[in-house]
Amino acid sequence: MEWALFLTFALLAGAAAVGMVLQRSPIYSALCLILTFFAQAGLYVLLHAQLIAFVHIIVYAGAIMVLFLFVIMLLDLRPEDHPPVRFGQAGMLLGLILAALLLAELALGIGPRIILGSQGSYDLETLRMLGNTQAVGRILFREYLVPFELTSLILLTAMIGAMVLAKRRPE
Amino acid sequence: MLVEYLPILLFIAAAALFAGGSILLSSLAGPWRPFAEKLEPYECGMAPVGMARERFSVKFYLVAMLFIIFDIEIIFLFPWAVIFKELGWFGFFEMGGFVLVLVLGLAYVWRKGGLEWDEPERAAVDGESRTVPTEQRAGTGFR
Amino acid sequence: MVPLWAYLLLSGFLFIVGVVGVATRRNALIIFMSIELMLNAVNLTFVAFSRFLHSLDGHVFVFFVMTVAAAEVVVGLAIIIALFRNMETVNVDEIHLLKG
Amino acid sequence: MMGFLLAAVFKIALVMGLVLLAVAYLTLLERKVIGDIQVRFGPSRVGPFGLLQPIADGIKLLFKEDIVPTNADRFIFIFAPAVSFIPALIVFAVIPFGPSFVITDINVGLLYVFAVGSLGVYGIVLAGWASNSKYSLLGGLRSAAQMVSYELSLGLSVLGVVMMTGSLSLVDIVEAQGGNWYGIFPKWNVIPQFLGFVIFMISSNAELNRAPFDLPEAETELVAGFHTEYSSMKFAMFFLAEYANMIAVSALATTLFLGGWQGPLLPPVVWFLLKVFGFIFLFIWVRATLPRFRYDQLMGFGWKVLLPLALANVMFTAAAILILA
């Protein structure tokens, strides 16, 4: 059962991601990416990360992709004429090298000598007792206090930056 | 634990089936007698002028951008609210600082006129253009 | 139970697709979306490792990654819009600002 | 597990049937109530008191011609109504109708509701874009901008409730509202969270695109907004979604602020339905009473009044909880 769900979500995510890169029309690319995000949320639930799953949908599907759609509509982008993916360029070589590196790394991870660090204390039983949201919240607001406060500065910077960029009129 | 989420999948499937089924059914049941004028987009009976997908005001984009920032704030607030009682005053000041920084950002955007939709133009139409300082009007003009 | 390597394989695949998108597409918006895809592939490994190491730090990191991704999208799209206003294109081949 | 799933399938069928039936008769109720308020009859020809009117409407819509305008993006044009309909329906998956009558009680129920609610924007913005009509595009974008703006205050307004309950599960939230204060006042969240409740009602009204926030489909300026070009069952999908959303918001308000199914004497499900009906009536009443906002007023109100107020409410509630504890 779990395998069936995993394979469904994984295939959906993979296919939609490929579709995103291959689509000529930016709107369809965006829709494919949204589909990937949904499949990924399903995977998060399979991994017992319910809080992350729904936060993921709220942030990515509910906010970020809406902004992407707005911008695509704002700029009135038409489908591109030339084939979207052109192989045999410098980018291709770079991609191949990166892919090879990543696969090598994965092989290391998948292999029999898989190196897992020390086990933490949050197994499924503990999580069920504490509640997923409560447990994550406790760590986020106690141990990660400083990164959390710094996050607000990142957001502030983004707000000011976008405001300045968006408001500047072309000469 | 995961089994609680299966009904949601079932519900999505059922809703999709209903939506798809009824749309399909109506396209089979209804008549289909198209002609060029019928298929034109509605423009009060006149022949449509130009394409609809023209560019529109950057305002929409600014709103979506501010929305993302505050949406992130809300997703931090949810887990905080759940365990707020055990965090106590520590949690209060922790989140107070976070919210304060974002409120400062909101105040900045407000001051810069990012929250005005189309105030200056409207004021000009109403004949109150003299009450709107020129620099403010220049600052909020969008193209 | 689905083992860790299955998740790692999937997330590696998604990441590579993102890299291919960034390397081959010329539309700045689609490059941006590919970057989002790569960030999400990383998020998936974070959560998968969290699950198999019985730890929750990965979940917290996902929160921070999402924040950074959101900030990046906001500023990045603002830059794209500003560029588009000046140059009427989002094709990165046609934008040679730094070449003067 | 099989037992749980079978029960879930049964409940899903029941809830879906009930919601769709309620939506059909909600259209009649709305026309009747507004008719009464404007001192006229409303539908009265089809069946006794017009009771068969929704059925006649449904059959008529089913047999209408299905038009796709030229230059429309065919796939998205057909896809968009379903996108706006599905989220409207699946919100009901976590809403507790009675003590043991909930399709599924998940520990992040409230987040689920917001995740699903934030998807409603897509149907509208895609429909507006795909139609290739100026009215549709403008209506769709206005609607989307309005919905995302008020989604913030909506999300913030419920945080007070979450803080007091310490859980995101809607079942927990309802159960925490049992009993009375001083033996008289019911322990409903609406009393300590009155400001949150008011913000919730205003912003959910705006989320629903209903009067006085019905700018996106302002007949006098935008014809019908994002669904100008839609006909037949695709149009009906938007209609169903709109009214299903109205029921969902009413059910959510009941659950979060009015104690859900809690209440004396009557059976719990009856209490729940009564409260939901009260909210629906309120929405209809508001539509009949208030004039429409201007668009700049609407956005200004959302960002300059409601958002700071909702943030202040969160921090104020936090301080109050700590001082009283």
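Does residue D:172 satisfy the condition of being over 18 Å from residue D:94 (Cβ atoms) and either in contact with a Gly (Cβ under 9 Å, 6 or more places away or on another chain) or acidic (Asp, Glu) (or both)?
Here the answer is no, as residue D:172 does not meet what is asked.
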Residue, farthest from the other protein chains (Cβ to nearest Cβ), within the stretch D:275-293, restricted to residues that are loosely packed, with under 15 Cβ neighbours inside 10 Å and assigned to a loop (DSSP other than H, G, I, E, B): D:290
Any chance residue C:38 is buried (at least 24 other Cβ atoms within 10 Å of the Cβ), modelled with pLDDT of 90 or more and either under 14 Å from the mean Cα position of the chain (by Cα) or more than 7 Å from chain A (Cβ to nearest Cβ) (or both): no
Identify the residue in the stretch D:130-182 that is away from chain B (no Cβ under 11 Å) and part of a loop (DSSP other than H, G, I, E, B) and, among all such residues, is least open to solvent (accessible area, probe 1.4 Å). D:177
Only one of (1) crowded, with 21+ Cβ neighbours inside 10 Å; (2) closer than 19 Å to residue A:68 by Cβ; (3) not small (Gly, Ala, Ser) does not apply to residue C:26, and that is (1)
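Got a sec? Which helices (runs of 4 or more DSSP H) wholly within the stretch D:12-123 have at least 2 residues that are modelled with pLDDT of 85 or more and within 29 Å of residue A:62 (Cβ to Cβ)? So that I can check it myself, show each step before the final result.
Numbers: elements: D:53-62, D:74-90, D:109-117.
Fully inside the stretch D:12-123 and qualifying: D:74-90, D:109-117.
Yes or no: residue D:272 open to solvent by less than 10 Å² (accessible area, probe 1.4 Å) and over 13 Å from the mean Cα position of the chain (by Cα)?
Values: open to solvent by less than 10 Å² (accessible area, probe 1.4 Å): yes; over 13 Å from the mean Cα position of the chain (by Cα): yes.
In short, yes.
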Might you check whether a residue that is more than 7 Å from every other protein chain (Cβ to nearest Cβ), touching a Phe, Trp or Tyr at 6+ places or on another chain (Cβ under 8 Å) and modelled with pLDDT under 85 occurs anywhere in the stretch C:4-17? yes
Out of (1) at the interface with chain A (Cβ under 8 Å from one of its Cβ atoms); (2) surrounded by fewer than 21 Cβ atoms within 10 Å (Cβ to Cβ); (3) β-branched (Val, Ile, Thr), the one residue C:92 does not meet is (1)
Would you pick out the residues in the stretch D:83-110 that are within 14 Å of residue D:255 (Cα to Cα) and aliphatic (A, V, I, L, M)? D:91, D:93, D:94, D:95, D:102, D:110
If I go through the stretch D:85-104 residue by residue, how many of them are more than 7 Å from every other protein chain (Cβ to nearest Cβ) and open to solvent by 10 Å² or more (accessible area, probe 1.4 Å)? 7
Assuming residue C:75 fulfils every condition listed in (1) touching a Gly at 6+ places or on another chain (Cβ under 8 Å); (2) crowded, with 23+ Cβ neighbours inside 10 Å apart from one, which condition is it? (2)
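Can you tell me which of D:61, D:51, D:26 is buried (at least 17 other Cβ atoms within 10 Å of the Cβ) and more than 14 Å from chain B (Cβ to nearest Cβ)?
Details: D:61 fails: more than 14 Å from chain B (Cβ to nearest Cβ); D:51 fails: buried (at least 17 other Cβ atoms within 10 Å of the Cβ).
Step by step, each of D:61, D:51, D:26 is checked, and only D:26 is buried (at least 17 other Cβ atoms within 10 Å of the Cβ) and more than 14 Å from chain B (Cβ to nearest Cβ).
The values are calculated or read from the model by the stated rules, or taken from the named source; none is laboratory data. These numbers come from a predicted model, not from an experiment. Counting neighbours? That spans all protein chains shown, and the Cβs are built from the backbone with ideal geometry, glycine included. Side chains are part of the model used for accessible areas, which takes the heavy atoms of the whole protein and leaves out ligands, DNA and RNA. Shrake-Rupley method; radii C 1.70, N 1.55, O 1.52, S 1.80 Å.
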